[in-house]
Amino acid sequence: MQNALETISFNGQILPRAELTNCQTTRCTIIYEVVRLINGIPLFWEGHWARLQNNLNAIHSKIRLDKTDFEQKLAKFIRKNKLVDTNIRFEVFGENVLYYAIPVNYPTPLNYQQGVSLNFIEAIREHPTRKILRRKWKTSMESKINRAGVYESLMLNNEGIITEGTHTNVFFIKGKTLFSAAEELILPGITRLEVLNIAKQEALLEEYTNLNPETISTYDAAFLCATSLHILPIKNINETVFDVNNAVLRTMMQAFLDHIEENIKSESFKWLQ
């Protein structure tokens with residue numbers, strides 16, 4: 001992993017890590033993606049690529065990315081840096097494409113077993129459905145989470161509705177139904193999309209509703225999902241405790257792991273040839 005953190009790719013050219021700050025100097029809107037590698041293979045790559053294109057179109061970007069060329073250069077970068085299990089951040093701005101491996105702390109086995117603690121924070125993101133890099137906002141949120149001593153904070157909008165985590169999506173479970181905020185209020189995560197696909201396979205219902213702190217105690221269980229987390233049980237949100245061993249939750253977690261294995265197998269030829 002040490003070598004992986006020493007280089008970056010900027011417009012197809014592999015450069016020393018020291019050039020990262022210079023490459024990031026821009027006044028342009030930065031569209032970004034974070035992709036998880038498992039055994040050197042980008043997980044749910046097609047979903048990330050589609051969202052990247054959609055976000056570029058949403059801001060009327062003039063850049064045109066060739067998928068085959070992009071994948072070939074990325075595969076070369078992965079092999080050259082011997083990347084195996086890590087995350088890669090992609091940043092597209094102006095006519096430029098930048099990507100690099102980033103250090104990441106994945107949840108521990110204990111986190112998955114016992115769940116994690118959350119709190120609420122009053123915060124909104126401008127254009128929440130777009131994955132736009134907001135460095136100051138991100139730094140501010142991370143600082144508040146660290147000061148609160150929680151794993152993640154769930155954001156409350158101006159109406160006091162629970163939308164999503166600062167870097168995660170959230171679901172609540174009651175019976176065999178998954179509840180979440182309306183999609184126009186959140187960033188529709190790639191992991192979230194895969195979770196919904198699994199829910200359909202498991203014959204679970206989905207309901208979009210206005211979630212608020214006063215009613216979360218009526219739910220049986222809750223979980224976060226994100227690129228770095230997969231499905232992560234929530235132990236408590238402030239004083240409200242949830243069942244981390246809920247049968248639906250645990251079934252979803254295992255089904256998601258099986259789904260990951262299938263995705264990696266199906267993509268291995270493209271990335272390892």
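The values are calculated or read from the model by the stated rules, or taken from the named source; none is laboratory data. Quick caveat: nothing in here was measured; it's all calculated off a predicted structure. Cβ atoms come from the backbone with ideal geometry, glycine included; neighbour counts cover every protein chain shown.
Residue count for segment 243-273 under the criterion of being outside any helix (DSSP H, G or I) and not hydrophobic (A, V, I, L, M, F, W, C): the result is 4.
Considering every residue within segment 120-140, establish whether at least one is among the β-branched types (V, I, T), touching a helix residue (DSSP H, G or I) at 6+ places or on another chain (Cβ under 7 Å) and within 18 Å of A222 (Cβ to Cβ). Yes, because at least one residue in segment 120-140 is among the β-branched types (V, I, T), touching a helix residue (DSSP H, G or I) at 6+ places or on another chain (Cβ under 7 Å) and within 18 Å of A222 (Cβ to Cβ).
This table checks each residue for (1) farther than 26 Å from L43 by Cβ; (2) in the same structural domain as R36 (by TED's automatic domain parsing); (3) in contact with a Leu (Cβ under 8 Å, 6 or more places away or on another chain).
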residue: Y151; (1), (2), (3): no, no, yes
residue: L154; (1), (2), (3): no, no, yes
residue: T163; (1), (2), (3): no, no, yes
residue: A181; (1), (2), (3): no, no, yes
residue: T191; (1), (2), (3): no, no, yes
residue: E194; (1), (2), (3): no, no, no
residue: I216; (1), (2), (3): yes, no, no
residue: L224; (1), (2), (3): no, no, yes
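Just so you know, in segment 15-56 the residues that are surrounded by 14 or more Cβ atoms within 10 Å (Cβ to Cβ) and among the β-branched types (V, I, T) include one that is nearest to F256 (Cα to Cα), and it is I38. Selection of strands (runs of 3 or more DSSP E) fully inside segment 130-175 by the criterion of at least 1 residues being of a type in the set (S, T, N, Q) and out of contact with any Lys or Arg (no Cβ under 7 Å at 6 or more places or on another chain) returns 162-165.
Of all residues in segment 17-37, those that are over 28 Å from P188 (Cβ atoms) have Cβ atoms under 6 Å from Cβ atoms of residues that are modelled with pLDDT under 85 and not β-branched (V, I, T), 6 or more apart or on another chain, in R17/E6. Only one entry of L196, L187 meets the criterion of being at pLDDT below 95, in contact with a strand residue (DSSP E or B) (Cβ under 9 Å, 6 or more places away or on another chain) and outside any strand (DSSP E or B), and that entry is L187.
Pick from segment 75-88 the residues that are surrounded by fewer than 16 Cβ atoms within 10 Å (Cβ to Cβ) and not hydrophobic (A, V, I, L, M, F, W, C): which of them is modelled with the highest pLDDT? This residue is D85.
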